[in-house]
1. Given a Förster distance of 45 angstrom, what is the FRET efficiency for W32 paired with V187, based on the Cβ-Cβ distance and rounded to 0.05?
2. Return the calculated 222 nm mean residue ellipticity for the chain, to the nearest 500 deg cm²/dmol, obtained by summing -39500 (n - 2.57) across DSSP H runs with n ≥ 4 and dividing by the residue count.
3. Select from segment 2-105 those trypsin sites (Lys or Arg not before Pro) which occupy a DSSP coil region and have at most 15 other Cβ atoms within 10 Å, ordered by residue number.
4. Write down, largest first, the equivalent ellipsoid semi-axes of the chain in whole Å, where each equals the square root of 5 times an eigenvalue of the alpha-carbon gyration tensor.
5. Can you give me the span-like helices of the chain, meaning DSSP H runs with 27 Å or more of Cα extent along the axis and Kyte-Doolittle mean at or above 0.5?
6. Past the 28 Å Cα-Cα mark, which pairs from K118/K215; K194/K215; K186/K215; K116/K171; K118/K194?
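Please treat every number below as a calculation from the coordinates, not as lab data. The structure displayed is predicted, hence computed values, not measured ones. Using ideal geometry, Cβ is built from the backbone for each residue, glycine included, and neighbour counts are taken over all protein chains shown.
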Amino acid sequence: MNHEMDYEKIEQKTKRKQRIVKTLTYTLLVFWGVVVLFPFFWMVLTSIKSYGEYNSEYIPKFYASSPTMSNYIEAFTAVPLAEYFLNTLIFTVVTTAVMLVVITLAAFAFARLEFKGKNAAFVLFLSMMMIPNELVIITNFVTITDLDMRNTFAGLILPSVMSVFYLYLLKETFQQIPDNLYQAAKVDGTSDFKYLCRVMVPMAKPTLVTITILKVIECWNSYVWPRLITDDEAYYLVSNGIQEIRENGFGRENIPAMMAAVVVITLPLIVLFLVFRNKIMEGVSRGGTKG
């Protein structure tokens with residue numbers, strides 16, 4: 001009888017500890033969620049406040065007395081924001097498509113083909129990840145300038161069509177595909193390119209989707225390189241257009257209109273991430289696990 005009572009007490013203590021740990025965990029998660037989401041909330045809130053209401057607030061309010069959408073209309077009329085969107089879309093789609101072709105072929109070569117110096121070449125590629133981006137940008141700037149490709153889409157796109165990290169991620173995924181499939185395909189007379197397209201690419205779809213989404217986000221957020229290589233408004237991207245909006249569009253004091261433009265620029269990425277977040281996590285976890 002005493003043993004049963006002791007067991008019940010231990011079980012109650014265990015459940016109590018589990019409830020405390022669970023409560024603390026969720027409390028910390030909620031707190032961290034509020035911290036992370038608050039800037040987005042404040043951005044959207046500011047964007048629906050009128051210019052007069054925003055400037056009359058000596059103490060910021062957590063609500064809009066008279067919500068308005070006029071700031072969003074002004075975001076597309078005061079500056080050529082639609083043109084910036086089109087430029088960014090072209091830059092993102094072309095860069096991502098070319099990069100996928102390049103890294104898919106390279107990852108297949110490193111994962112399945114045998115050639116002299118393969119390991120040394122791959123180690124050399126990985127070592128490039130240790131080089132600061134600032135040094136690469138300087139080299140790319142000199143090269144693109146010498147080729148007279150400044151203020152062109154080619155100059156924007158070419159330095160971004162290769163990524164060592166994405167190459168490594170895809171190579172690891174390709175190496176998880178059993179070798180006997182490749183050997184059977186070669187026995188049947190299947191070419192390497194056909195085997196890549198019909199077997200390896202479909203099996204690596206989660207990783208490819210992840211790489212595509214991450215590259216789209218990377219291109220959409222590009223700032224330093226486009227700002228460095230373009231000084232013509234006709235080639236501005238949305239990220240670079242923010243500075244143009246601040247200086248020549250709404251003025252330095254019209255914060256609500258600026259926030260409306262930032263909301264419009266940020267919204268596509270938020271939607272993209274929310275829709276494909278499971279694919280991103282699946283692809284990253286699959287690419288980082290061997291066997």
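1. 0.25
2. Per the formula, -23500 deg cm²/dmol.
3. K61
4. 41, 38, 16
5. 81-112, 255-287
6. From K118/K215; K194/K215; K186/K215; K116/K171; K118/K194, over 28 Å: K186/K215.
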